[in-house]
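K.L.:
Attaching a single structure in structure tokens format; questions to follow.
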Amino acid sequence: MKKFCLLALACVIAGCSSEVQTSSGREYLAKYNGVGTASRAGDKDQKDKTVEERIRDAAAVEPILKFPARIGLARIDQGHLAAIPQEEAEAWGKARDKLGNGFGEFVALSPLVAEMVADRGYGDVPGIVSQIRLGAARQHLDAVLVYEEHSTEETSNNALSFAKVTVIGGFLLPSESHTAQGYAEGILIDVIQGYPYGNIRTVVDKQTRLSSAWGWGSSYDAKRELAERVKIQAGRQLADEAPELFMRLRTELAERRAK
């Protein structure tokens, strides 16, 4: 297992895309024998229950995560499960190295697997979180860190804005200033129970880029590229800060079981 984990991480860092899964579904589900799972508010059997009963059902979950574990990484982009960019994947590999061999491994949740499991061609298409949990269950993950990145952008004229009154000046001179700030937030949940183990969030310092008003490398392109850059940086920063969350969680779970 140790060699496999290191190999999987090496593939992520090197940009490889292959991964093998041979885990047993029977053994995976056996960990949850006798453990209650929370019902969703939209389930048929929930609709006939009182609010108090539904609250009790939602609360009837226990933290059972044990390390080493298989932790899924689910990146949401524009409301959809998306592949993890190489720069972020490298950051997650470094986070795994920092956590050490007793932690386990990070496994990127496959959008294709999630789509395959969630969309059966009948009934309602599940929401993104349910889709992620279904995909994570198919990959036999113990928990999944669902995270999302977004940015805020501002555009303003600078001292060279006078050049926009001419065609050549509008094409060539950097008359506009673009500022963007990146954000990332995530939640670590148990795949089967939906138990929330922790939250993590980060903010990237504002970044600025200049552009011409129109033409090649114009305002729209510069703004879009800057927004994407701060989003990816937010994802990398989230990965850098994640070891603190996992180390604290591992310690508190061990203390809880020791009692």
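K.L.:
Distance in nm between label sites at residue 228 and residue 185, each 7 Å beyond Cα in the beta-carbon direction?
P.N.:
About 2.5 nm separates the two model spin labels.
K.L.:
Multiplying the sequence separation of residue 49 and residue 253 by 0.36 nm and subtracting their Cα-Cα distance, what value in nm do you get? Walk me through the intermediate numbers first.
P.N.:
Working: separation 204, 0.36 × 204 = 73.44 nm, distance 3.25 nm.
So the extension gain works out to 70.2 nm.
K.L.:
What net charge is computed for the residues neighbouring residue 197, neighbours being all others with C-beta under 13 Å from the C-beta of residue 197, Lys and Arg scored +1, Asp and Glu -1? Spell out each step's value before the answer.
P.N.:
Working: positive: 66, 248, 250, 256; negative: 62, 142, 190, 252.
Counting the neighbours of residue 197, the net charge comes to 0.
K.L.:
Another one. So how do 247-256, 188-197, 76-85 stack up, highest first, on mean other-Cβ count within 10 Å?
P.N.:
Working: 247-256: 12.9, 188-197: 20.0, 76-85: 15.1.
Packing proxy ranking, top to bottom: 188-197, 76-85, 247-256.
K.L.:
In the structure displayed, which of 31/259; 31/98; 94/223; 98/206; 49/231 lie more than 32 Å apart, Cα to Cα?
P.N.:
Details: 31/259 20 Å; 31/98 27 Å; 94/223 30 Å; 98/206 27 Å; 49/231 42 Å.
Where the Cα-Cα span goes over 32 Å, the pairs concerned are 49/231.
K.L.:
For labels at residue 33 and residue 83 in the simple 7 Å Cα→Cβ model, what's the distance in nm?
P.N.:
4.0
K.L.:
How much net charge surrounds residue 258 when only the other residues with a Cβ under 14 Å from the Cβ of residue 258 are counted, with Lys and Arg +1 and Asp and Glu -1?
P.N.:
+3
K.L.:
On to the next question. Please list the non-local residues whose amide H lies under 5 Å from the amide H of residue 182, H modeled 1.01 Å from N, same-chain partners needing a gap of 5 or more.
P.N.:
For residue 182, the qualifying residues are 204.
The numbers here are math on the coordinates, done by the rules we state, and not lab data. Owing to the predicted nature of the structure, the values given are computational and were not obtained by experimental measurement. For neighbour counting, all protein chains shown are included, and Cβ atoms are generated from backbone atoms with ideal geometry for every residue, glycine included.
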